Amino acid sequence: MNTLPTLLTQNLVLRPLRADDVAQVALLAGNLNVARNTRRIPHPYSEEMAKTFIADQRSAFNKGQEWTWAVCLKDGLTLVGCAGVLFEDEMSAELGYWLGEPYWGKGYASEAGRAVIDHVFNTCTLWELNARHLFTNPASGRVLTKLGFQLVGFTRGTCREEGQEIVQHRLLHAAWVARPDRASFA
């Protein structure tokens, strides 16, 4: 795959990040409430950091390490967050996502996650997807449960603070294929 494909859902367009996304990524990710609910977004978050993030995502895609999409509303194509996978090894990857605070609670995280999972499991030979969220972010746990992930454990890690509690989830490829609500976003 030479370029990250665009994925379409009922309400969203997931497309490759572009240089003109810098201001919107910085605005949304720069919100302390967004950063504190993620493991990877630092705070404060500047436009220069967004520019580096977008360039790093292109490089990670070219190296086969990570696929990250800009999550945009179909109505107006407003960028509302990002979703993607970080390849851990040949058989597993980690799902990740974040949305700007004005777009929370609207089902967009589940919708974007479903599109990413479907694409990854249909194009890669992965056995499983892993996902982690901060214990203090139960909304992310609800999204993962809706997507079919199973709770597998807890650990402590360093994000912005030492010893933060992290909840671990796993979704097996076989469980995704066998789910009763299976529908493709092709």
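The values are calculated or read from the model by the stated rules, or taken from the named source; none is laboratory data. From a predicted model like this one, the values you see are computed outputs, not experimental measurements. Note that each Cβ is placed from the backbone with ideal geometry, even for glycine, and that neighbours are counted across all protein chains shown.
Restricting attention to segment 83-92, and to residues there that are surrounded by fewer than 22 Cβ atoms within 10 Å (Cβ to Cβ) and of a type in the set (A, V, I, L, M), which single residue is farthest from the chain's Cα centre (by Cα)? Spell out how you get there, then give the answer.
Start the filter on segment 83-92 by keeping residues that are surrounded by fewer than 22 Cβ atoms within 10 Å (Cβ to Cβ), which leaves 86-92.
In the following step, the residues that additionally are of a type in the set (A, V, I, L, M) were identified as 86, 91.
Details: Leu86: 9, Met91: 18 Å.
Here the answer is Met91.
This table checks each residue for (1) of a type outside the set (S, T, N, Q); (2) in contact with a helix residue (DSSP H, G or I) (Cβ under 6 Å, 6 or more places away or on another chain); (3) under 24 Å from Thr6 (Cβ atoms).
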residue: Ala93; (1), (2), (3): yes, no, yes
residue: Arg114; (1), (2), (3): yes, no, yes
residue: Thr125; (1), (2), (3): no, no, yes
residue: His133; (1), (2), (3): yes, yes, no
residue: Gln150; (1), (2), (3): no, no, no
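Looking for something touching an Asp or Glu at 6+ places or on another chain (Cβ under 9 Å) and free of Cβ contacts under 8 Å to residues at least 60 places away in the same chain - is there at least one such residue anywhere in segment 34-51?
yes
Could you check how many residues of segment 67-82 are within 11 Å of the chain's Cα centre (by Cα) and either surrounded by fewer than 19 Cβ atoms within 10 Å (Cβ to Cβ) or of a type in the set (A, V, I, L, M, F, W, C) (or both)? Please lay out each step first, then the result.
Taking segment 67-82 and keeping what is within 11 Å of the chain's Cα centre (by Cα), we get 67-71, 81-82.
Subset that is either surrounded by fewer than 19 Cβ atoms within 10 Å (Cβ to Cβ) or of a type in the set (A, V, I, L, M, F, W, C) (or both): 67, 69-71, 82.
Summing the residues that are within 11 Å of the chain's Cα centre (by Cα) and either surrounded by fewer than 19 Cβ atoms within 10 Å (Cβ to Cβ) or of a type in the set (A, V, I, L, M, F, W, C) (or both) in segment 67-82 gives 5.
Which of the residues spanning segment 124-142 are assigned to a strand (DSSP E or B), touching an Asp or Glu at 6+ places or on another chain (Cβ under 8 Å) and farther than 21 Å from Val177 by Cα?
Of segment 124-142, the ones assigned to a strand (DSSP E or B) are 128-134.
If we keep only those that are touching an Asp or Glu at 6+ places or on another chain (Cβ under 8 Å) too, we end up with 129-132, 134.
Result: Arg132, Leu134.
Please identify the pairs in which a residue from segment 106-124 that is within 19 Å of Leu86 (Cβ to Cβ) and at pLDDT below 95 has its Cβ atom under 7 Å from the Cβ atom of a residue that is of a type in the set (Val, Ile, Thr) and not in a helix (DSSP H, G or I), counting only partners at least 6 apart or on another chain.
Going by the 7 Å Cβ cut-off, there are no qualifying pairs.
For segment 61-74, how many residues are over 13 Å from Val25 (Cβ atoms) and in contact (Cβ under 8 Å) with a residue 60 or more places away in the chain?
Here is the first cut: in segment 61-74, the residues over 13 Å from Val25 (Cβ atoms) are 61-67, 73-74.
Then keep just the ones that are in contact (Cβ under 8 Å) with a residue 60 or more places away in the chain; that gives 67, 73-74.
Residues meeting the conditions: 3.
Identify all residues within segment 14-24 that are under 17 Å from Gly84 (Cβ atoms) and either within 14 Å of the chain's Cα centre (by Cα) or charged (D, E, K, R) (or both); write none if there are none.
In the first step, residues of segment 14-24 are kept if they are under 17 Å from Gly84 (Cβ atoms); the result is 14-18, 21, 24.
Result: Leu14, Arg15, Pro16, Leu17, Arg18, Asp21.
Search segment 154-171 for residues being modelled with pLDDT of 95 or more and either part of a loop (DSSP other than H, G, I, E, B) or not aliphatic (A, V, I, L, M) (or both), and hand back the single one that is surrounded by the most Cβ atoms within 10 Å (Cβ to Cβ).
His169
Return a yes/no flag: does segment 5-16 have any residue that is part of a strand (DSSP E or B), surrounded by fewer than 16 Cβ atoms within 10 Å (Cβ to Cβ) and not aromatic (Phe, Trp, Tyr).
To start, the set of residues in segment 5-16 that are part of a strand (DSSP E or B) comprises 7-8, 12-16.
Narrowing the set further to residues that are surrounded by fewer than 16 Cβ atoms within 10 Å (Cβ to Cβ) leaves 8.
Those still in the list that are not aromatic (Phe, Trp, Tyr) too: 8.
For segment 5-16, residues part of a strand (DSSP E or B), surrounded by fewer than 16 Cβ atoms within 10 Å (Cβ to Cβ) and not aromatic (Phe, Trp, Tyr): present.
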